[in-house]
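Encoded as structure tokens, the structure appears first; notes follow it.
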Amino acid sequence: MYLGDEAWPDLESYFESESLALVPLGSTEQHGPHLPEATDHLIGEAFARAVADRTGYLCTPTINIGVSGHHRQFHGTMWVEPPAFRQYMESLTRNLTSHGIDRVIYVNAHGGNVPHLREVGARLRQDEVAYAIEWMWNDSIPELVDDLFEQNGPHGGPKETALIQYLEPALVHDDRLEEARDTGIPDVEAAETIKHGSRTFYDAADNTDNGVLGDQTDATAAKGVQLFEAASDQLVQLCEWLAAQKFEDLMPREHV
Ligand SMILES: [Zn+2]
């Protein structure tokens, strides 16, 4: 069920019988010469909407802009500062609890959002308001991602390329995949910006001239389908696990 499509009286029975919501998130940021800036939020939204359709759980509208300041040198990247993002996410999650939601899955497809979503989730749990956890599709199927691609990327690499080739093929510049590979870098190590154990870079531009990593020519829509189906299965199972928990069991333990 997609919240944005429903009239309010038709949501009453959902909130009476269920207390789980899926909140899709991503970014609007450069993804190299071959992928759209929408890449991450298209991916987060596709997983959340597909799994909401399969399970009947509620999916909220998508948070399209996140913590992407590290891509600021490339045309079009949009971002908000981390404290603003955390405050916004905490506020909207608290607002869901006023309708009876007490457990939330942030269906997130942008790595830059992760530490902030975890901080928000920890705070909401500490306050015993809600139990909110972050899920990223690629972390749910690490072996399949490794099997399918020699050089994952991660950012703007073949795994994201394959998913967009499947989900929104008209937005992929297939004629630029070789350029994406040849003017970017295979992985972070290749940029030699990890020095004596320290990550000396802050921005994507410190590592890669075209904004991306990995071998994009390894991506196909068929691999995208495989990734999408395998990770969707994981998210369905996570929803079922979370819905089956008692709220008290999700809250912090007592002091020893
Ligand atoms: Zn991305």
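Report relative contact order for segment 3-250 in percent, whole number only (criteria: Cα-Cα under 8 Å, sequence separation at least 6). Result for segment 3-250 is 22 percent. To the nearest ten degrees, helix 39-55 and the longest principal axis of the Cα atoms of the chain are 40 degrees apart. Note on the chain: dipole from Cβ charges, positive end direction compared against Ser140, His99, Gly224; the farthest Cα belongs to His99. So, in Å, what gap is there between the alpha-carbon centers of segment 1-77 and segment 155-191? The distance from the Cα centre of segment 1-77 to that of segment 155-191 comes to 22 Å.
Evaluated over the Cα positions of segment 3-250, the convex hull gives a direction-averaged projected area, one quarter of its surface, of 13.9 nm². By the gyration tensor of its Cα atoms, with a ≥ b ≥ c the square roots of the eigenvalues, what is the shape of segment 210-256: rounded for a/c under 1.5, prolate for a/b over b/c, or oblate? Because a/c hits 1.5 or more and a/b fails to exceed b/c, segment 210-256 counts as oblate. This ranking places Met1, Met78, Met89, Met136 by how few other beta-carbon atoms lie within 10 Å of each, fewest first, which gives Met78, Met1, Met136, Met89.
Taking the chain as a Gaussian network of alpha-carbon nodes connected by springs under 10 Å, the highest mean-square fluctuation of the residues Glu128, Glu160, Glu45 belongs to Glu128. Taking a quarter of the surface of the Cα convex hull of segment 48-158 gives a mean projected area of 8.4 nm². Counting beta carbons within 10 Å around each of Glu134, Glu192 and listing the fewest first gives the order Glu192, Glu134. From helices alone, the chain scores -13000 deg cm²/dmol at 222 nm; the rule is -39500 (n - 2.57) for each run of n ≥ 4 DSSP H residues, then divide by the residue total. Magnitude of the charge dipole for segment 101-215, about its Cα centre and with charges confined to Cβ atoms of Lys, Arg (+1) and Asp, Glu (-1), is about 580 debye.
Angle of helix 114-126 to the longest C-alpha principal axis of the chain, folded into 0 to 90 degrees and rounded to 10: 20°.
Note on Ser232, Ser19: ascending count of other Cβ atoms within 10 Å places them as Ser232, Ser19, the fewest first.
Just so you know, all these numbers are worked out from the coordinates, no wet-lab data involved. Please read all numbers here as calculations on a predicted model, not as lab measurements. Because the Cβ atoms are built from the backbone with ideal geometry, glycine has one as well, and the counts that use them run over all protein chains shown.
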